[in-house]
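In what follows, a single structure is set out as structure tokens and then discussed.
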Amino acid sequence: MNVHGMHRNACAPDGAPVPRGEAPSSAVGAARRLPSGGLLSAVGWALRPAPGRGPVGRVGQTVAMSPEPRPTTLTARAVVFDMDGTLVDSTALVERIWTDWCGPLGLDPGEVLAFAHGRQTADTVRRFQPDLDEEAVLRHVDALLSVEGSAPDGVVEIPGAAAFVAALPAAQVALVTSAPGGIAHSRTAVAGVALPAVVLASEDVAVGKPAPDGYLRAAELLGVDPGDVVVFEDAEAGLWAARASGAQVVVVGDHDGPAAEGLPRIADYRGAGVAVADDGLLTLTL
Ligand SMILES: [Mg+2]
């Protein structure tokens, strides 16, 4: 394994939206079990032309394109989620904690928050307090985490996330977060999103995002090839990590940066669905 891995698979897998045919729409977060290789097998379904959709007319006739957004269909053996900004929105909580930390140190909260998003707490402390030794860094981390432990309010579900996670087969789902395990448990609990069985928190991964280690380890624990994983991510560091792992990547939210370039995007999980074939192949409709 390339520990830092930033050069591996630097070009993201082709995550361009695939036109969908006239497939029946899934209920929000609902799983439909399909016969493997049947008429609704993922590839054939995804690539079938859409009757009645798109420009149709006589030669020379101008027909307006349909304004209807085209859903993205992805097939995978497993799904791996980031947590903050991807399954739960902890913005209000995180901003409060980091802003309070910045005050006595004379730091610009905006600058610190821009760096902190998607990264491990210790990495952010080191970045803005470079003269601290490791013992002092850990004291700061403990203090920051204890603030959240005593007042975890302000975390909400990304709309539709709980239903979408619940619709996925439990053995094919993982969470990879830069937060410690205790924080992952408390934030998902407050937001009402179930934690999957496989959770890789900051203490479980030696090198955090943007390195791909967490996503590679998640694929290993799920027993799938990283290329057979769909990762949902929201932040630059996490998107680089997911891309470098070789996974298909979906951007959640409105992050705009180089790592998000060319990737499919969802605002949230409302309207997302999953179909599960007998052989475990997942077809995600986003
Ligand atoms: Mg995130």
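The values are calculated or read from the model by the stated rules, or taken from the named source; none is laboratory data. A quick note: this is a predicted structure, and the numbers were derived from the prediction, not measured. So basically every Cβ, Gly included, is an ideal-geometry build from the backbone, and we count neighbours across all protein chains shown.
Could you list, in sequence order, the residues of the range 200-223 that are out of contact with any His (no Cβ under 6 Å at 6 or more places or on another chain), among the hydrophobic types (A, V, I, L, M, F, W, C) and crowded, with 19+ Cβ neighbours inside 10 Å?
Leu200, Ala201, Val205, Leu216, Ala218, Ala219, Leu222
I'm told Phe164 meets every condition in (1) touching a strand residue (DSSP E or B) at 6+ places or on another chain (Cβ under 9 Å); (2) of a type in the set (Phe, Trp, Tyr); (3) more than 18 Å from Asp268 (Cα to Cα) except one. Can you identify the failing condition by its number?
Phe164 satisfies every listed condition except (3).
Going by the conditions given, is Ala218 within 18 Å of Thr177 (Cα to Cα), within 16 Å of the ligand (Cβ to nearest atom) and outside the structural domain of Gly118 (by TED's automatic domain parsing)?
Yes: the conditions hold for Ala218.
If I filter the range 153-173 down to residues being among the β-branched types (Val, Ile, Thr) and part of a loop (DSSP other than H, G, I, E, B), which single residue comes out as farthest from Glu203 (Cα to Cα)?
Looking at the filtered set, the residue picked out is Ile158.
Quick one: would you say Glu157 is farther than 30 Å from Gly280 by Cβ and touching a residue at least 12 places away in the same chain (Cβ under 8 Å)?
no
Take Val176 and tell me if it is in contact (Cβ under 8 Å) with a residue 60 or more places away in the chain, touching a strand residue (DSSP E or B) at 6+ places or on another chain (Cβ under 7 Å), within 16 Å of the ligand (Cβ to nearest atom) and over 20 Å from Leu200 (Cα atoms).
no
Determine, yes or no, whether Leu281 is buried (at least 22 other Cβ atoms within 10 Å of the Cβ) and either modelled with pLDDT of 95 or more or in contact with a Leu (Cβ under 8 Å, 6 or more places away or on another chain) (or both).
no
Looking only at residues in the range 70-88 that are farther than 16 Å from Glu236 by Cα and out of contact with any helix residue (DSSP H, G or I) (no Cβ under 7 Å at 6 or more places or on another chain), which one is modelled with the lowest pLDDT?
Among them, the one singled out is Arg70.
If you scan the range 260-272, which residues turn out to be at pLDDT 95 or above and surrounded by fewer than 24 Cβ atoms within 10 Å (Cβ to Cβ)?
Matches in the range 260-272: Ala260, Glu261, Gly262, Leu263, Pro264, Arg265, Ile266, Ala267, Asp268, Arg270, Ala272.
Please find, within the range 233-267, the residue that is farthest from Leu175 (Cα to Cα) out of those that are within 14 Å of the ligand (Cβ to nearest atom) and among the acidic types (Asp, Glu).
Looking at residues that are within 14 Å of the ligand (Cβ to nearest atom) and among the acidic types (Asp, Glu), I get Asp254.
Quickly run through the range 161-187 and pick out the residues that are within 17 Å of Thr91 (Cα to Cα) and surrounded by fewer than 21 Cβ atoms within 10 Å (Cβ to Cβ).
If the condition is that a residue be within 17 Å of Thr91 (Cα to Cα) and surrounded by fewer than 21 Cβ atoms within 10 Å (Cβ to Cβ), then Pro180, His185, Ser186 are the ones that fit.
Of all the strands (runs of 3 or more DSSP E) wholly in the range 223-286, which have at least 3 residues that are closer than 22 Å to Ala206 by Cα and out of contact with any Gly (no Cβ under 6 Å at 6 or more places or on another chain)?
Per the criteria, 229-233.
So the check is Cβ under 9 Å with 6+ separation or different chains; which pairs have a first residue in the range 219-241 that's without any contact (Cβ under 8 Å) to a residue 24 or more places away in the chain and a second one that's among the aliphatic types (A, V, I, L, M)?
Hits for this filter: Gly223/Ala78; Gly223/Ala171; Pro226/Leu216; Pro226/Ala218; Pro226/Ala219; Pro226/Ala247.
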